[in-house]
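*Asks:* Structure provided below as structure tokens; questions to follow.
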Amino acid sequence: MSFLAKSLSNIKPSPTIAVSMKAAELKAAGKDIISLGMGEPDFDTPENIKQAAIKAIEQGDTKYTAVDGSASLKKAIIEKLKRENSLEYKPSEIIVSTGAKQVIYNALIATLNHDDEVLIPAPYWVSYPDMVLLGSGTPVIVESSARNNFKISAESLEEKITAKTKWLILNSPSNPTGACYTEKELRALANVLLRHPQVHILSDDIYEHLIFDNFKFFNIATIEPKLKERVLLVNGVSKGYAMTGWRIGYGAGPQNLIKAMSVIQSQSTSCPSSVSQAASVEALNGTQEFIKPNAEIFQKRRDMVVAALNSIEGISCNVPNGAFYVFPSCKGLYGKKSISGKVILNDNDFAAYLLEEALVAVVPGIAFGAPDFFRISYAASEEFLHNSMQRIKDACNKLK
Ligand SMILES: Cc1ncc(COP(=O)(O)O)c(C=O)c1O
């Protein structure tokens, strides 16, 4: 009898975390490694949010809260969704969890039965397929292409829907591509979804506040109110408010789904941290002044990184409208040889070459279901990025 659960046999640890750990290991061994694998803002949490947490500790706000989140945070979330997304929810339609990741996990575990299919547009965030597998569901990948800016079309969506499709996962702005769906593109997807009432939509909006070029963010439920009862909106404070370590995310959706997710949460983590919830109330209710300047900084970095990558022969990079990632192709370098004689045959080889030759850690596209590409996170200082782009350029120029 095997000691470990069978469900684990299909699951792999997060490859992005693995890259960061490998980079940290090499750094500890004295190598001057630059890691572009991180998925978190390099900014500090804003002062007003930190002060709210300190006050919460001093006031003794340090006990368990309601399983699905404190009343004050739920109120702040409801107001945020009304103010920014024109969506109305009741407290019973909101759950607060330990990061957006736990919201997604709860939702999939609460709904999937053996053989249920979940549509995942590729390139995808590394955790989606594994979470579906943990819930005994079947991930069904919907392909997109760089030509289409890594966005799926209404036709490709319709092709993959079957009677067994339970969810479509939408993530805009996207990790790993930074792609953002326009109002028109979401409308086209909504028209398909209206024809298939068995399909629910998990809309992962975690990068909502990181958008550039005056792009306008939309949730699909705002565009098509008839879909609202089938949408689980997922968001949180991690990325927009530089609060990755505070671990607060939230979900808004139909009451029966939220109730089922709360049951799972009650038997796993009980509730999210009370102090982090108090800080998140301030994040959502307090000044939003830093969001725009932060996005402007990221936009400037994006422009610099995209220009640098596109100046390298064999690499081509789209200009994304959001998040803090770029997803360039390295296909133009295939067949080339390093000084030590190693031939670059795929994105894994290329990422390994960059780590060895340039001492720069990037994540190969295969981890996101998109071979021939690699992901760079530009959540790092300009100086750091300049330095790493120069290293990548030098290493690529050495390939013959
Ligand atoms: C697309 C996407 N969704 C969800 C998450 C999880 O966010 P949180 O830190 O709130 O759990 C991440 C984190 O990297 C992400 O990239």
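*Asks:* Can you report the number of residues in the stretch 361-400 which are of a type in the set (Val, Ile, Thr) and either open to solvent by 40 Å² or more (accessible area, probe 1.4 Å) or part of a helix (DSSP H, G or I) (or both)? Walk me through how you get there before you give the answer.
*Replies:* Initial filter on the stretch 361-400 (of a type in the set (Val, Ile, Thr)): 362-363, 366, 376, 392.
Among the residues that remain, those that are also either open to solvent by 40 Å² or more (accessible area, probe 1.4 Å) or part of a helix (DSSP H, G or I) (or both) are: 366, 392.
The total comes to 2.
*Asks:* Exactly one of (1) free of Cβ contacts under 8 Å to residues at least 60 places away in the same chain; (2) in a loop (DSSP other than H, G, I, E, B); (3) away from the ligand (no atom under 16 Å from the Cβ) is unmet by Asp61. Its number?
*Replies:* (1)
*Asks:* So Ala323 clears everything in (1) over 19 Å from the mean Cα position of the chain (by Cα); (2) open to solvent by less than 20 Å² (accessible area, probe 1.4 Å); (3) among the aliphatic types (A, V, I, L, M) except one condition, right? Which one?
*Replies:* (1)
*Asks:* Would you kindly identify the helices (runs of 4 or more DSSP H) lying entirely within the stretch 252-337 that contain at least 2 residues that are closer than 27 Å to Leu36 by Cα, in contact (Cβ under 8 Å) with a residue 24 or more places away in the chain and not charged (D, E, K, R)?
*Replies:* Numbers: elements: 255-266, 274-285, 291-310.
In the stretch 252-337, the matching helices (runs of 4 or more DSSP H) lie at 291-310.
Per-residue answers, yes or no, for (1) open to solvent by 10 Å² or more (accessible area, probe 1.4 Å); (2) within 19 Å of Ser86 (Cβ to Cβ); (3) of a type outside the set (Lys, Arg):
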| position | (1), (2), (3) |
| --- | --- |
| Leu168 | no, no, yes |
| Gly178 | no, no, yes |
| Ile211 | yes, yes, yes |
| Glu229 | yes, yes, yes |
| Val237 | no, no, yes |
| Pro254 | yes, yes, yes |
| Lys259 | yes, no, no |
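*Asks:* Please enumerate the residues belonging to the stretch 1-57 that are open to solvent by 80 Å² or more (accessible area, probe 1.4 Å) and acidic (Asp, Glu).
*Replies:* Scanning the stretch 1-57 gives Glu25, Asp32, Asp44, Glu47.
*Asks:* Run down Ala71, Ala66 and say which single residue is surrounded by fewer than 23 Cβ atoms within 10 Å (Cβ to Cβ), more than 15 Å from the ligand (Cβ to nearest atom) and closer than 19 Å to Gln267 by Cβ.
*Replies:* Values: Ala71 fails: closer than 19 Å to Gln267 by Cβ.
Residue meeting the stated conditions: Ala66.
*Asks:* Would you be able to say whether some residue in the stretch 265-275 is closer than 26 Å to Glu40 by Cα, surrounded by 19 or more Cβ atoms within 10 Å (Cβ to Cβ), in contact with a strand residue (DSSP E or B) (Cβ under 7 Å, 6 or more places away or on another chain) and not acidic (Asp, Glu)?
*Replies:* For the stretch 265-275, residues closer than 26 Å to Glu40 by Cα, surrounded by 19 or more Cβ atoms within 10 Å (Cβ to Cβ), in contact with a strand residue (DSSP E or B) (Cβ under 7 Å, 6 or more places away or on another chain) and not acidic (Asp, Glu): present.
*Asks:* In addition: Give me a count of the residues in the stretch 1-31 that are under 23 Å from Glu357 (Cβ atoms) and part of a helix (DSSP H, G or I). Let's see the steps before the verdict.
*Replies:* Of the residues in the stretch 1-31, the ones under 23 Å from Glu357 (Cβ atoms) are 15-16, 18-31.
Narrowing the set further to residues that are part of a helix (DSSP H, G or I) leaves 15-16, 18-28.
Number of matching residues: 13.
*Asks:* Only one residue in Leu134, Leu157 is surrounded by 18 or more Cβ atoms within 10 Å (Cβ to Cβ) and in contact (Cβ under 8 Å) with a residue 40 or more places away in the chain. Which one?
*Replies:* Working: Leu157 fails: in contact (Cβ under 8 Å) with a residue 40 or more places away in the chain.
From the options Leu134, Leu157, the qualifying one is Leu134.
*Asks:* Return a yes/no flag: does the stretch 121-136 have any residue that is of a type in the set (A, V, I, L, M), outside any loop (DSSP other than H, G, I, E, B) and closer than 23 Å to Phe217 by Cβ.
*Replies:* no
*Asks:* Given the options Val118, Val126, name the one that is open to solvent by less than 50 Å² (accessible area, probe 1.4 Å), at pLDDT below 95 and either aliphatic (A, V, I, L, M) or within 13 Å of the ligand (Cβ to nearest atom) (or both). Give the derivation first.
*Replies:* Numbers: Val118 fails: at pLDDT below 95.
That would be Val126, the only listed residue that is open to solvent by less than 50 Å² (accessible area, probe 1.4 Å), at pLDDT below 95 and either aliphatic (A, V, I, L, M) or within 13 Å of the ligand (Cβ to nearest atom) (or both).
*Asks:* Under 6 Å between Cβ atoms, at least 6 apart or on separate chains: pull out the pairs that start in the stretch 168-187 with a residue that is among the aliphatic types (A, V, I, L, M) and end on any residue that is more than 14 Å from the ligand (Cβ to nearest atom) and open to solvent by 10 Å² or more (accessible area, probe 1.4 Å).
*Replies:* Ala179/Asn149; Ala179/Lys151; Leu186/Phe218; Leu186/Ile223
*Asks:* Out of (1) part of a loop (DSSP other than H, G, I, E, B); (2) among the charged types (D, E, K, R); (3) within 13 Å of the ligand (Cβ to nearest atom), the odd one out for Lys101 is which?
*Replies:* Failing condition for Lys101: (1).
*Asks:* Sticking with this one: Which residue is nearest to the ligand (Cβ to nearest atom), if the candidates are limited to the stretch 220-252 and must be farther than 16 Å from Asp68 by Cα and in contact with a Phe, Trp or Tyr (Cβ under 6 Å, 6 or more places away or on another chain)?
*Replies:* Lys239
*Asks:* Hey, another quick one. Report yes if Ala358 is buried (at least 16 other Cβ atoms within 10 Å of the Cβ) and touching a Lys or Arg at 6+ places or on another chain (Cβ under 6 Å), otherwise no. Give the derivation first.
*Replies:* Working: buried (at least 16 other Cβ atoms within 10 Å of the Cβ): yes; touching a Lys or Arg at 6+ places or on another chain (Cβ under 6 Å): yes.
So Ala358 fits the description; yes.
*Asks:* Quick one: which residue in Leu87, Leu108 is open to solvent by less than 10 Å² (accessible area, probe 1.4 Å) and either within 16 Å of the ligand (Cβ to nearest atom) or of a type in the set (S, T, N, Q) (or both)? Talk me through it step by step, then tell me what you get.
*Replies:* On the way: Leu87 fails: either within 16 Å of the ligand (Cβ to nearest atom) or of a type in the set (S, T, N, Q) (or both).
Just one listed residue meets the conditions, Leu108.
The values are calculated or read from the model by the stated rules, or taken from the named source; none is laboratory data. Keep in mind the model is a prediction, meaning the values are calculated, not measured. Glycine also receives a Cβ, built like all others from the backbone with ideal geometry; neighbour counts cover every protein chain displayed. Surface accessibility is based on the protein's heavy atoms, side chains included, excluding ligands, DNA and RNA. Shrake-Rupley method; radii C 1.70, N 1.55, O 1.52, S 1.80 Å.
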